[in-house]
Structure formats: C-alpha cells, structure tokens
Amino acid sequence: MFSYLKKIWATEATIRGATGILAVTLTLSNVLGVIRDHYLAQKIPTNILDAYYAAFRLPDLIFNILILGAIASAFIPVFTSYIAKGDKKEAWKIANSILNIGVLIVIILLLILFFLLPTINPLIVPNFDASRQLLTLKLTRVLLLSPLFFSLSYIFGGILNSFKKFIFYSLAPLFYNCAIIFGTIFFADKYGIWAVVWAVIIGAFLHWLIQVPPSFKLGWRYRSVFAFSHPAVKKIGRLMIPRSIGLGANQILLLIYTVLASGLPAGAIAVFNLANNIQTMPTVVFGNSVATAVFPALSESWALQEIDRFKGYFRRCFKTVFFFLLPSTIGLYLLRAQLIRLILGSGYFGWEQTTMAAACLGFFALSLIPQGLLPLFARSFYALHNTRTPMWAAIFFTILAIILGITLDSKMGVAGLALAFSIGSFLQIIYLYIPLSGRFPSLLSGLGSFTLRVFLASILMAIFIQGTKMIIGNYFETTGGMIHGWQVLAQAGAAIIIALLVYFGTIKFLKVEL
C-alpha cells in the first residue's frame with residue numbers, strides 16, 4: 001500500500017486521475033460527515049445544536065474572507081506561474097510571506113473578536129433566550145481557534161495543489177471528521193456539546209498537520225519573511241480582495257439566515273445546517289473535486305494562451321458535473337424523507353425535526369447543479385486572474401437570497417430559507433455564464449445531444465424510483481413517527497440500487513460518453 005501511495009506521489013497527477021483521487025477521498029469525507037451529523041443529531045438536543053451552528057458563523061466569516069479567498073483565487077495562480085517558470089526560490093519566498101502575513105492578520109482579528117463577542121453575539125442570535133445566548137458566546141470563543149488552524153492548512157493545501165499533488169490535501173478532511181466523530185461518540189454523553197467543540201479544534205489541527213510533511217518534501221522550508229513589497233505578494237493581495245468580498249457575502253448570507261432562523265421554533269438553525277450538509281455531499285464530490293483538479297491546468301492554459309485547450313478542459317468538466325448532478329438532484333429530491341430519517345432520525349432528532357429537515361433538503365436538492373458548477377465557473381475566472389466577476393455574482397446572489405429569505409421565511413419557515421438559497425444559486429450561475437461565454441465563444445457548443453441523453457436517462461430513473469417507493473410502501477409502514485429504521489432502509493436502499501442500474505444502463509444504451 002505504501003509503495004503504491006509513493007508511486008502516486010512520484011507521478012504528477014493527470015486531471016482525470018486527480019479528479020478520481022479527490023472524488024474518492026471527498027466521498028469518504030462526506031460519508032464521515034454523514035456519520036458525524038448522525039451522532040450529533042442523536043446525542044445533542046437540537047436547541048443546543050442551534051447554538052453550536054450559530055457559533056461557527058463568525059469564525060467562518062474570518063477564515064473565508066482572509067484565507068480561503070486568497071488561496072483559491074490568488075495564491076495558486078500566482079504561485080503556479082513562478083513554479084512553471086522554474087523560479088522555485090522566489091516561489092517559496094512568496095509562500096512563506098503569505099503564510100506569515102495571513103496568520104498574523106488572522107491572530108490579530110481573532111483576538112479583537114474575542115473581546116468584542118459579548119456585544120456582537122446578541123445581534124447574531126437575537127431571539128435566543130439568555131441561556132442559549134451565553135452558550136453561543138462561550139462556544140464561539142473556543143471555536144475562534146479553528147480559523148487559525150484552517151488558515152495554516154489551506155495555505156499548505158494551496159502549495160500542494162499548485163504542484164498538482166492532491167492526495168494529502170484530500171485526506172485532510174477525513175482527519176477532521178474522524179476527530180469530531182470520535183469526540184462525539186466517546187465523550188458527548190459525559191461532556192455534551194463541549195466534547196464536540198474541542199473535537200472540532202483537534203480536527204482542524206490535524207487538517208493542517210497532515211499537509212506539512214508533503215509540503216516539506218516538495219521543498220518548502222519555513223522562513224520568517226514578510227515581503228509586503230514583493231510584486232507577487234501585492235498581486236495576490238489585489239486578486240484576493242474581490243474574492244474575499246464574494247466569500248464574505250456568502251458568509252453574511254448564512255449569518256442573516258441564522259438571525260432569521262433564531263426566531264423560528266427551536267431546532268431551526270440545526271435543521272437548516274444539517275440538511276445543507278447532506279445536499280453539499282454530491283456538489284463537493286462531483287463539483288469541487290473536478291474544479292480543484294482542473295484549476296492548475298486552466299491556469300497553465302491561460303498563462304500559455306492555449307485557448308482551445310482551456311475551452312476543452314472547461315467543456316469536459318462541465319459535462320462531468322452535469323452527468324452526475326442531474327440524477328443526484330432527482331434522487332435526492334425523491335428520497336429526501338427517507339435519507340433524513342436514516343441519517344438524522346434518532347435520539348434527540350424526532351419526527352417534527354425530521355419533517356422540517358426533509359422539506360429543507362427537498363428545496364436544497366434543486367440547487368445541486370448550479371452549486372456543483374459554481375466552483376468550475378469561479379475557478380475559470382480565477383485562472384484568467386479575474387476575481388471581480390465572481391465577486392459581483394456573489395454579491396448579487398447574497399442580496400437576492402436575503403430578500404427572498406426574509407419573504408419566504410415568514411411564510412414557509414426554515415424551508416423557505418432553503419428555497420431562497422436555491423433560487424439565488426440558479427441566478428448566480430447564469431450571471432457567471434454570460435460573461436464567460438462572451439469571453440470564450442462556443443464554450444459549450446456540441447453539448448446538446450449529450451444533455452438530452454443524460455436528461456432522458458434521469459427521467460427514466462425518476463420513474464423507477466417512484467415505482468419502487470410505491471411498491472415497497474404498500475408492504476411496509478414508512479411514514480409517521482413510529483417506524484423501524486430497517487423499513488426505511490429497505491425502501492431507500494432498493495430505490496437507490498434500481499436507480500443506479502437504470503441510469504447507468506440507459507447511459508450505456510444511449511452511448512453517452514464523458
């Protein structure tokens with residue numbers, strides 16, 4: 001096994017191979033995420049989970065604005081350009097400068113936020129009672145450690161991605177989720193939500209630590225350098241600002257949704273986040289993996305002005321995402337109640353929470369395709385060193401989703417927030433496609449036949465899912481609060497197996513090729 005991993009490491013990953021590596025590890029990570037959420041729902045009351053998820057909002061805001069935006073949109077393209085030119089000495093100087101500057105700024109902001117939290121916290125959860133507001137405050141102060149470790153982790157991840165080394169980068173989330181699962185299973189009964197929170201911190205530390213040795217092997221050595229005036233550092237700063245604004249807009253959206261959900265029945269914040277975690281599984285596996293793997297190649301193609309190559313990469317990745325996410329959308333929507341019941345329906349997560357979460361998941365499912373395509377579209381702009389267009393798209397999406405959320409929240413409850421999110425996602429991807437297709441004419445030409453055949457296979461699959469549900473539903477009681485898990489598992493499992501056979505069988509019959 002170790003010799004096999006060494007062989008993979010020694011060979012620069014192709015886009016298809018890198019996508020495969022990322023898809024497998026991200027699938028494992030998301031399976032672990034499902035297990036994590038299962039035990040969270042089982043062992044922690046939903047009103048306490050409300051405080052737990054609310055406590056993530058400010059730490060996530062800082063991390064997304066300062067680090068995630070810089071790595072995805074700015075650091076990788078600039079760092080890659082130096083590597084491509086063979087100037088590794090200067091590349092490592094840039095990497096250390098970004099590492100030192102980024103971590104220093106994060107630490108300063110976290111310290112400021114630590115002392116301002118008593119003033120800010122009531123604005124985030126204004127409708128919580130005093131005890132839950134205090135709990136949210138205490139949890140947030142501990143979780144402020146997570147952006148520090150994730151900042152380190154994603155900078156090292158950017159280094160690995162630039163060299164097209166994806167294994168250890170993709171393994172990092174596995175360690176993170178395993179730490180939370182371990183802490184929840186073995187310590188939550190005794191220490192409650194605090195066991196989970198400290199497991200999050202340990203998991204974030206491991207998320208970073210696993211990426212240090214391979215970065216060291218590539219040639220990285222720590223240097224205490226702060227090259228503020230370096231042209232590349234300045235360029236990264238300029239490029240990251242629009243992306244950071246865009247990511248900040250998305251985090252502000254989640255923050256406002258948290259404010260709105262705090263006024264709904266207890267458990268609404270937890271339900272929204274748990275349903276959202278389920279719908280992100282296919283988008284991460286089939287969207288993020290493809291976009292992450294192709295990003296260095298897109299950046300390289302643009303740097304060399306190989307336009308046809310750039311368009312070819314984009315078109316193949318678009319087909320891959322659509323191929324997997326259209327049937328995923330249909331399957332997730334039709335089996336939403338069964339999946340929620342199987343994943344979350346135990347312990348403190350009762351029938352009322354299950355029905356709320358199923359409604360949310362149904363609306364979230366509608367946005368799988370735009371959410372899965374968003375990383376590809378955004379990274380295509382980043383490869384062009386254009387971070388402004390995705391920024392304006394994110395701002396547009398945030399404003400629209402907030403307006404829709406306020407409107408639908410009062411009429412539909414927490415499910416209205418999920419619907420608002422999905423509507424905004426579709427409009428955001430349209431906003432991005434128009435200028436990208438203008439820059440690259442015929443970007444998606446020749447995909448009509450492919451799209452039609454995938455659509456036909458997905459519709460046929462939907463018919464068989466519904467038929468399977470109805471047949472098994474006639475023999476087993478699969479609705480209501482008093483049911484056995486094996487009954488729901490039988491219905492969902494049979495429907496999924498038949499769906500896969502029908503979809504891929506039809507795809508083969510119609511001779512669909514990626």
- Item | The listed residue being surrounded by 16 or more Cβ atoms within 10 Å (Cβ to Cβ) and modelled with pLDDT of 90 or more, out of A179, A249 | A179
- Could you please let me know if I202 is part of a helix (DSSP H, G or I) and touching a residue at least 60 places away in the same chain (Cβ under 8 Å)? no
- Item | Hits in segment 209-244 (condition: part of a helix (DSSP H, G or I) and of a type in the set (V, I, T)) | V212, V233, I236, I241
- Message: I'd like to know if segment 265-277 contains one or more residues that are surrounded by fewer than 21 Cβ atoms within 10 Å (Cβ to Cβ), hydrophobic (A, V, I, L, M, F, W, C) and part of a helix (DSSP H, G or I).
- Response: no
- Among the candidates L160, L139, L99, L109, residue that is modelled with pLDDT of 95 or more and either loosely packed, with under 15 Cβ neighbours inside 10 Å or of a type outside the set (D, E) (or both): L139
- Query: Just one of the numbered conditions (1) under 25 Å from the mean Cα position of the chain (by Cα); (2) in contact (Cβ under 8 Å) with a residue 60 or more places away in the chain; (3) assigned to a helix (DSSP H, G or I) is not true of F149; which one?
  - Reply: (2)
- Message: Given the options S380, S410, name the one that is free of Cβ contacts under 8 Å to residues at least 24 places away in the same chain, part of a helix (DSSP H, G or I), more than 30 Å from G192 (Cβ to Cβ) and of a type in the set (G, A, S).
- Response: S410
- Hits in segment 340-355 (condition: modelled with pLDDT of 85 or more and surrounded by 24 or more Cβ atoms within 10 Å (Cβ to Cβ)): I340, R341, L344
- Message: Return the residues of segment 41-64 that are touching a Gly at 6+ places or on another chain (Cβ under 9 Å) and within 26 Å of I252 (Cβ to Cβ); say none if nothing qualifies.
- Response: T46, N47, I48, L49, D50, L61, N64
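The values are calculated or read from the model by the stated rules, or taken from the named source; none is laboratory data. Remember, predicted model here, so these are calculated numbers, not experimental data. We place every Cβ from the backbone using ideal geometry, glycine too, and count neighbours over all the protein chains shown.
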